[in-house]
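The values are calculated or read from the model by the stated rules, or taken from the named source; none is laboratory data. None of the values given here were measured: they were computed from a predicted structure. Cβ sites come from the backbone with ideal geometry, for glycine too, and all protein chains shown count toward neighbours. Accessible surface areas use protein heavy atoms only, side chains included; no ligands, DNA or RNA. Shrake-Rupley method; radii C 1.70, N 1.55, O 1.52, S 1.80 Å.
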Amino acid sequence: MNIALFGGAFNPIHKAHILLAQKAMNEFGIDKTILMPTFVSPHKDTTSGVSYVHRMAMCKLASKSDSRFIVSDLESHIEGKSYSYKTLSILKDEYKNDNLFMIIGADMYMSLLKWKNPQEIFSLASIITCPRDNDNYNSLLEYSRILKKEGCSSYILKEPIMQLSSTYIRENVSLANKQDYLDKSVYEYILKNKLYGVK
């Protein structure tokens, strides 16, 4: 089977996250995508949002209608920062006979060689990314050639998806709901638990 890891703060998870994973699954024949909220991010501060428990719960709600998604709390059991090479190494032990992929955004893709132990990441998984726009596709393609020389196998989605940030959602929860950027059950969860300053 082809298994993809899609990690992130998911603070909160929104429709662009789900759409990205679904497009990757459809375009590259991925059988399952593991949604994995970051426990201790090496890239950004997740303490300014909501707890890990809430982020896990929202991931489960956002992905419940598509049986290809698995929501995992694996990184909460790993000591220290949630580095991708550690996570992938554990997943490889679990999915010994499967092909591993990792889904990341365009900005993260362009910084891959600066990640912790990139060569180990490349040996464990192929990378899937998505262009922000048509111009960005060319930049990603050019960078993919550099990554290939470093032993990285990577794939770029043909078309961009809607550009949406969790920061925008946190600052405009009610508006984001009206704009259909949030799964209805995720929005209701945010209201029920009074997250992101919602009264």
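Out of (1) closer than 15 Å to residue 5 by Cα; (2) among the polar types (S, T, N, Q); (3) open to solvent by 60 Å² or more (accessible area, probe 1.4 Å), what's the single condition that is false for residue 65?
Looking at each condition in turn, residue 65 falls short on (1).
Which residue out of 184, 148 is at pLDDT 95 or above, closer than 13 Å to residue 14 by Cβ and either open to solvent by 70 Å² or more (accessible area, probe 1.4 Å) or within 20 Å of the chain's Cα centre (by Cα) (or both)? Talk me through it step by step, then tell me what you get.
Working: 148 fails: closer than 13 Å to residue 14 by Cβ.
One residue alone meets the criteria, 184.
Could you tell me whether any residue of segment 104-113 is within 17 Å of the chain's Cα centre (by Cα), within 14 Å of residue 34 (Cβ to Cβ) and of a type in the set (Gly, Ala, Ser)?
Of all residues in segment 104-113, those within 17 Å of the chain's Cα centre (by Cα) come to 104-112.
Narrowing further to those that are within 14 Å of residue 34 (Cβ to Cβ): 104.
Those still in the list that are of a type in the set (Gly, Ala, Ser) too: none.
Within segment 104-113, none of the residues are within 17 Å of the chain's Cα centre (by Cα), within 14 Å of residue 34 (Cβ to Cβ) and of a type in the set (Gly, Ala, Ser).
Sort through 51, 89, 111, 65 and tell me the only one that's of a type outside the set (Phe, Trp, Tyr) and in contact (Cβ under 8 Å) with a residue 24 or more places away in the chain. Steps first, please.
Values: 51 fails: in contact (Cβ under 8 Å) with a residue 24 or more places away in the chain; 111 fails: in contact (Cβ under 8 Å) with a residue 24 or more places away in the chain; 65 fails: in contact (Cβ under 8 Å) with a residue 24 or more places away in the chain.
Unique residue meeting the criteria: 89.
All but one of (1) within 30 Å of residue 179 (Cβ to Cβ); (2) at pLDDT 95 or above hold for residue 123; state the number of the condition that does not hold.
Result: residue 123 passes all but (1).
Provide a single number: the residues in segment 35-73 that are at pLDDT below 95 and hydroxyl-bearing (Ser, Thr, Tyr).
Selection size over segment 35-73: 7.
Consider segment 116-142. How many of its residues are over 20 Å from residue 98 (Cβ atoms), free of Cβ contacts under 8 Å to residues at least 40 places away in the same chain and open to solvent by less than 30 Å² (accessible area, probe 1.4 Å)?
Going through segment 116-142, the residues over 20 Å from residue 98 (Cβ atoms) turn out to be 116-119, 129-142.
Then keep just the ones that are free of Cβ contacts under 8 Å to residues at least 40 places away in the same chain; that gives 117-119, 129, 131-142.
Okay, now just the ones that are also open to solvent by less than 30 Å² (accessible area, probe 1.4 Å), so 118, 129, 131, 136, 140.
Residues in segment 116-142 being over 20 Å from residue 98 (Cβ atoms), free of Cβ contacts under 8 Å to residues at least 40 places away in the same chain and open to solvent by less than 30 Å² (accessible area, probe 1.4 Å): 5 in total.
So residue 176 ticks every box in (1) in contact with a His (Cβ under 8 Å, 6 or more places away or on another chain); (2) modelled with pLDDT of 95 or more; (3) not in a loop (DSSP other than H, G, I, E, B); (4) not polar (S, T, N, Q) but one. Which box is left unticked?
Among (1) in contact with a His (Cβ under 8 Å, 6 or more places away or on another chain); (2) modelled with pLDDT of 95 or more; (3) not in a loop (DSSP other than H, G, I, E, B); (4) not polar (S, T, N, Q), the lone unmet condition for residue 176 is (2).
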